[in-house]
Amino acid sequence: MTDTFAATPVSVQFTPDGGPGKHRIGLVVLSNDYAIERDFMNVRAGDDVALFSARIANTPDCTVETLQMMASHITDTAALIVPEGRLDVVAYACTSGTVVMGYEKICDLVHAARPGVPVVTPITASLAALDRFGATRLAVLTPYVDDVNALIAAHLNAQGKEVCAFSTFNIEDNEVMAALPPEAIYQAALEADRPEAEALFISCTAIRAMDVVDRIEQAIGKPVVTANQAVIWQCLRWSGFDRKIDGYGQLLKLQD
């Protein structure tokens, strides 16, 4: 006769409470992005905000051609994020990738896995943030090479923004972007700003611009919108979290 293992059932009675996270955010993050999950954690919006992420395959280089290659992986990656669970919003965390592929295409690819869930992207969130400040004339800072920069500038212009100046670190390697020191971003932001600009936009989710956004705003005396800051802001607001957060620029202090 074979012995059968039997654990002792506990007597505790319970009612399922829905699990972690009153506000649930799904994040499709690039395989070689070191910054955006860290930025979400550093903001520490509260225990009632839960972040669930999955990583999408990406190449070592950031070019127009390589950015397009992510399209075939977006649906499968989104499907990995708590597949049977509730999500209030899903963010695709690539500014340049959204510009290259288009917001509607990103939405369609995410909705193939998570139908009906609102989709946030860095460029659409950043434009919404700039509109919230009433900023039309922009100074722009990116880490990208110029084939990507040209598309960013054209997209901003198409959305009614006037680019007063466009500055870049001219980096193609994603690992080098990740290793860009925040102090270098701060100094470059001061160099990128122009007196006629109403706001400074810092593109790219892969760089640590949020570390210095407060300092930049204090130095230049105008709003600064970074890609990660805007994604976090819109994800929080669309998920129903509306409390202000200090330490990461004016945007996260705004309340609707």
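Nothing in this text is a laboratory measurement; each read-out follows from the coordinates by a stated rule. Everything numeric here is computed off the predicted structure, so don't read it as measured data. All Cβ positions, glycine included, derive from the backbone under ideal geometry; neighbour counts span all protein chains shown.
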| said: It is to be established whether one or more residues within the stretch 127-150 are buried (at least 17 other Cβ atoms within 10 Å of the Cβ) and within 14 Å of the chain's Cα centre (by Cα). | reply: yes
| task | Please enumerate the residues belonging to the stretch 126-148 that are in contact (Cβ under 8 Å) with a residue 24 or more places away in the chain, closer than 21 Å to ALA192 by Cα and assigned to a helix (DSSP H, G or I). | result | SER126, LEU127, ALA129, LEU130, ASP146, ASP147, VAL148
| request: Check the stretch 105-120 and report whether any residue there is of a type outside the set (A, V, I, L, M) and in contact with a Cys (Cβ under 8 Å, 6 or more places away or on another chain). | output: no
| For the stretch 44-61, does any single residue satisfy the condition of being farther than 22 Å from THR226 by Cβ and of a type in the set (S, T, N, Q)? | yes
| field | Whichever residue in the stretch 69-122 is touching a strand residue (DSSP E or B) at 6+ places or on another chain (Cβ under 8 Å) and among the basic types (Lys, Arg) and, among such residues, is nearest to ASP39 (Cα to Cα) | value | ARG86
| Restricting to the stretch 131-160, what's the tally of residues that are within 15 Å of VAL99 (Cα to Cα) and of a type in the set (D, E, K, R)? | 2
| Filter result for LEU151 (farther than 20 Å from SER239 by Cβ and outside any loop (DSSP other than H, G, I, E, B)) | yes
| said: Can you confirm whether ALA45 is over 22 Å from PRO182 (Cβ atoms) and surrounded by fewer than 21 Cβ atoms within 10 Å (Cβ to Cβ)? | reply: no
